[in-house]
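Here is the structure we will look at.
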Amino acid sequence: MKPRSLDEALEVLERHGEGARVLAGGQSLIPSLNMRLSSPELLVDISSIGSLKGITLDQDVVRIGALVTHAELERSAEIARHVPLLAEAVRHVAHPAIRNRGTLGGSLALADPAAEYPACALALEATIFISGKRGERGVKAAHFFKGLFETDLKPGEIVTAVEVPAQLDGERSVFLELARRQGDYAIVGLAAFRGAETRFAFFNVGPKPVLAKNAALKKSLAEAKEALKADLLVTGDLYTDAATKQHLAGVLLERAWNKLSTSH
Amino acid sequence: MEQALDITLTVNGVEVSRRVAARTHLVDFLREELDLTGTHAGCEQGVCGACTVRVNGDIVRGCLMLAVQADGCRVDTVEGLSDSKELAALQQAFHEKNALQCGFCTPGMLMAAQDLIKQKRPFTREQIRAHLSGNYCRCTGYQAIVDAIEEVLDGQG
Ligand SMILES: Cc1cc2nc3c(=O)[nH]c(=O)nc-3n(C[C@H](O)[C@H](O)[C@H](O)COP(=O)(O)OP(=O)(O)OC[C@H]3O[C@@H](n4cnc5c(N)ncnc54)[C@H](O)[C@@H]3O)c2cc1C
Ligand code: FES
Ligand code: FES
């Protein structure tokens, strides 16, 4: 099933209810089908919907269509210039052949705790645009990510685009991640932004990315590292226990702190 | 009950039309329907890279794409790029540097490596390794593979 327009796609999703699943790049959905983790009756391939594509800059806002692939983000001059945090992050997302098909919208909709973009969205205070039969709404990243693979998306809704403020002169951002090998999912990662306000968005420290709110308010690194403990409430996973993750989060905070503080 | 769909695509320069089950993976379609068994299927979860093929010029995972998603596309496999001699220099270098042992990973490695070589510019060993990070080899330890690719890149001057 391959609708040509957003309206058509929303129509089909409504008609088929729970049995239908959106298929974008397929780089997460197809493996889960292969492993029999899910077996939707109908796949609604949204990849031909033109309105979900492209990157545009308007005033100081960058709008990125949900179907923009990791590879397109990586190659985009607009992203390199105006959203350097994402340009850095995309290099950590999977491998070239997967980057050619996987999409920004798919990654946000999936909300994998180890994925890079959700944390970037938090750090940049991105707005995620969602369309459903009842119209369009914009949701701030902080309200979009609800839990482990859980978002504010309702059945039948489609992520259409993401808007992020363009990085201004004097603002800084840093993306850091510890992984076993290039392209693997992160053990722990950090998307950091410093403008009028500082934001440290950690990921893979728990079920969803978190802003270390108290650490961001501190004047010294030592105080920030201390505050980080209560900010994160780290949980371990199959591979790394909570204490190790907490330690690694502190290491990343220190690196980011130093990078954000040194002038170019 | 599974739905079947008619698709038309260009595989290694030849147009083919077939009716396929909606959930058939591209790699299975190539291997079973078209007998192009050079493309391998290993993990079927996108992890190993053995199934790497080109779709509209870009490398993708054959196991993470459905045949129906390739409708209207240009698909190139290791057989096609061998026949056109595009892979000749790389295959020669793999042979000379002993960059393959069992050969299971080789088609995917060649496809991923050619993706760098066709850009006709220099790459460091780290960049080569990063580009191949999604391709697993259980035999060679990668050193010889990177050597072979480096040789071809150097030869392009
Ligand atoms: C080996 C491997 C390594 C990977 N490593 C990483 C990594 O390091 N970091 C990382 O972030 N990702 C990684 N990924 C996942 C990859 O980035 C996926 O591309 C991405 O998570 C999902 O995007 P997609 O377009 O492929 O979505 P799909 O697989 O098509 O869909 C994923 C889910 O999102 C839903 N969906 C998709 N698009 C929309 C939309 N617009 N609106 C509503 N729902 C939608 C689907 O219904 C489905 O439930 C990896 C994948 C593989 C196979
Ligand atoms: S079979 Fe496709 S990546 Fe392993
Ligand atoms: S040569 Fe055997 S897996 Fe690479």
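The values are calculated or read from the model by the stated rules, or taken from the named source; none is laboratory data. Because the structure is predicted, anything quoted here is derived from the model rather than measured. With ideal geometry, Cβ positions are generated from the backbone for all residues, glycine too; neighbour counts draw on all protein chains shown. To get the accessible areas, we keep the full protein, side chains included, count just its heavy atoms, and leave off ligands, DNA and RNA. Shrake-Rupley method; radii C 1.70, N 1.55, O 1.52, S 1.80 Å.
Structure above, values below:
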read-out	value
Selected residue (only one of B:147, B:115 is assigned to a helix (DSSP H, G or I), within 16 Å of ligand 2 (Cβ to nearest atom) and charged (D, E, K, R))	B:115
Members of the range B:83-125 found to be more than 16 Å from ligand 3 (Cβ to nearest atom), charged (D, E, K, R) and more than 14 Å from chain A (Cβ to nearest Cβ), listed by number	B:83, B:85, B:86, B:120, B:121
Unmet criterion (only one of (1) in contact with a His (Cβ under 9 Å, 6 or more places away or on another chain); (2) open to solvent by less than 10 Å² (accessible area, probe 1.4 Å)) for residue B:104	(2)
Tabulated pairs, the range B:99-123, first in the same structural domain as residue B:77 (by TED's automatic domain parsing), second within 16 Å of ligand 2 (Cβ to nearest atom) and charged (D, E, K, R), C-beta under 6 angstrom, 6+ apart or interchain	none
Candidates B:43, B:51, B:73, filtered to the one that is within 15 Å of ligand 2 (Cβ to nearest atom), within 14 Å of chain A (Cβ to nearest Cβ) and open to solvent by less than 40 Å² (accessible area, probe 1.4 Å)	B:51
Failed item, numbered, when residue B:133 is tested on (1) touching a helix residue (DSSP H, G or I) at 6+ places or on another chain (Cβ under 9 Å); (2) surrounded by 14 or more Cβ atoms within 10 Å (Cβ to Cβ); (3) touching a residue at least 24 places away in the same chain (Cβ under 8 Å)	(3)
Residue match in the range A:109-126 (condition: within 14 Å of chain B (Cβ to nearest Cβ), under 28 Å from residue A:16 (Cβ atoms) and charged (D, E, K, R))	yes
Any strands (runs of 3 or more DSSP E) falling wholly within the range B:1-78 and containing at least 1 residues that are of a type in the set (Ser, Thr, Tyr) and more than 16 Å from ligand 1 (Cβ to nearest atom)	B:4-11, B:14-21
Strands (runs of 3 or more DSSP E) fully within the range A:168-257 counting 2 or more residues that are open to solvent by 20 Å² or more (accessible area, probe 1.4 Å) and touching a Gly at 6+ places or on another chain (Cβ under 9 Å)	A:172-179
Failed criterion for residue A:125 (all others in (1) part of a loop (DSSP other than H, G, I, E, B); (2) under 30 Å from residue B:135 (Cα atoms); (3) open to solvent by 20 Å² or more (accessible area, probe 1.4 Å) hold)	(2)
Any hit, the range B:67-76, residues being within 16 Å of ligand 3 (Cβ to nearest atom) and either assigned by TED's automatic domain parsing to the domain that holds residue B:131 or free of Cβ contacts under 8 Å to residues at least 60 places away in the same chain (or both)	no
Some residue of the range A:131-143 being under 28 Å from residue B:46 (Cβ atoms), surrounded by 24 or more Cβ atoms within 10 Å (Cβ to Cβ), under 16 Å from the mean Cα position of the chain (by Cα) and at pLDDT 95 or above	yes
Test result for residue B:37, outside the structural domain of residue B:107 (by TED's automatic domain parsing) and either touching a Cys at 6+ places or on another chain (Cβ under 6 Å) or surrounded by fewer than 17 Cβ atoms within 10 Å (Cβ to Cβ) (or both)	yes
Strands (runs of 3 or more DSSP E) (entirely within the range A:32-100) containing at least 2 residues that are open to solvent by less than 10 Å² (accessible area, probe 1.4 Å) and of a type outside the set (Ser, Thr, Tyr)	A:61-65
